[in-house]
1. Restrict the check to segment B:56-65 and report whether at least one residue is within 8 Å of chain A (Cβ to nearest Cβ), crowded, with 22+ Cβ neighbours inside 10 Å, part of a helix (DSSP H, G or I) and in contact with a strand residue (DSSP E or B) (Cβ under 6 Å, 6 or more places away or on another chain).
2. Would you mind finding the one in B:77, B:83 that is farther than 25 Å from residue A:12 by Cα, more than 7 Å from chain A (Cβ to nearest Cβ) and either part of a helix (DSSP H, G or I) or more than 14 Å from the chain's Cα centre (by Cα) (or both)?
3. Can you tell me which residue is surrounded by the fewest Cβ atoms within 10 Å (Cβ to Cβ) among those in segment A:56-96 that are at pLDDT 90 or above and more than 30 Å from residue B:61 (Cα to Cα)?
4. With respect to the numbered conditions (1) over 22 Å from residue A:43 (Cβ atoms); (2) facing chain A (nearest Cβ under 7 Å), which one is the sole condition not fulfilled by residue B:36?
5. Can you confirm whether residue A:15 is free of Cβ contacts under 8 Å to residues at least 24 places away in the same chain, facing chain B (nearest Cβ under 9 Å) and either closer than 21 Å to residue B:65 by Cβ or buried (at least 20 other Cβ atoms within 10 Å of the Cβ) (or both)?
6. Looking at the structure I just gave you, is residue A:53 at the interface with chain B (Cβ under 7 Å from one of its Cβ atoms), crowded, with 22+ Cβ neighbours inside 10 Å and either under 30 Å from residue A:133 (Cα atoms) or modelled with pLDDT under 95 (or both)?
7. Which condition number in (1) under 16 Å from residue B:53 (Cβ atoms); (2) more than 9 Å from chain B (Cβ to nearest Cβ); (3) in contact with a helix residue (DSSP H, G or I) (Cβ under 9 Å, 6 or more places away or on another chain) is the one that residue A:113 fails?
8. Inside segment B:1-26, can you point out the residues that are surrounded by 24 or more Cβ atoms within 10 Å (Cβ to Cβ) and in contact with a strand residue (DSSP E or B) (Cβ under 8 Å, 6 or more places away or on another chain)?
């Protein structure tokens, strides 16, 4: 009974805060509403006895949403939410798409038949997950780690201010391979030899 | 706390995420929509693990993979936002309507 009440309370919180993300005037507040939504889902996972996943979700999202809030302040207009703000396009189509996807998945949950097999009582799911992570599913775990490493390197490569051959907004063609403008017979942008970055 | 109820809540979160990802103009808000969609997916995955797999840890592995997807999405999204802003001075989708700026 108490479990059910807690579940519905946190479900309502997760959905409500998810809705508030796109209705907040300040983008910083939107980031923290999203964090609230993630935390509520994390607590529901804990209620489902997936303690490790729930807590790691809250931990991860706490960090990520704080970074996101910094991004909001750095990039966006109106970060403080002093003026009303709506920045939407194709609003009606978006609403219809959201409602349709909600109805489709909800219908799937209501009408599809899933096997009923609850976790056995007295077995620690976290311990089993740990054995699985470093046992049978070691390859999956390692692949996830390598994927994250690749994402880190790619993020730095995309966002760095200076590329290998000059500033990031000057393209990435090696200077020695560029044809000088006089020889090519046209003065298109980008065919100038780039020596030592911006000229 | 039945499977139906959990999938219902996950569907609601996912639907809001779809709305956000499609309707928002700002890149970072679009990313928030994507994250919300993944949030609903994680809830559905956790529910399926708890109620249909008999506690097999492979179900939890799927959620771990989903979290990896979320981290990669956030990292690449932020990098692309910075990259586009550097080159095109754009922070909303309407400013990159043309491929060549």
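The values are calculated or read from the model by the stated rules, or taken from the named source; none is laboratory data. Computed from a predicted model, the values in this text were never measured in an experiment. Cβ placement follows ideal geometry from the backbone for every residue including glycine, while neighbour counts extend to all protein chains displayed.
1. no
2. B:77
3. A:92
4. For residue B:36, the exception is condition (1).
5. The answer is yes for residue A:15.
6. Taking the combined requirement at face value, the residue satisfies it.
7. Condition (3) is where residue A:113 drops out.
8. B:24
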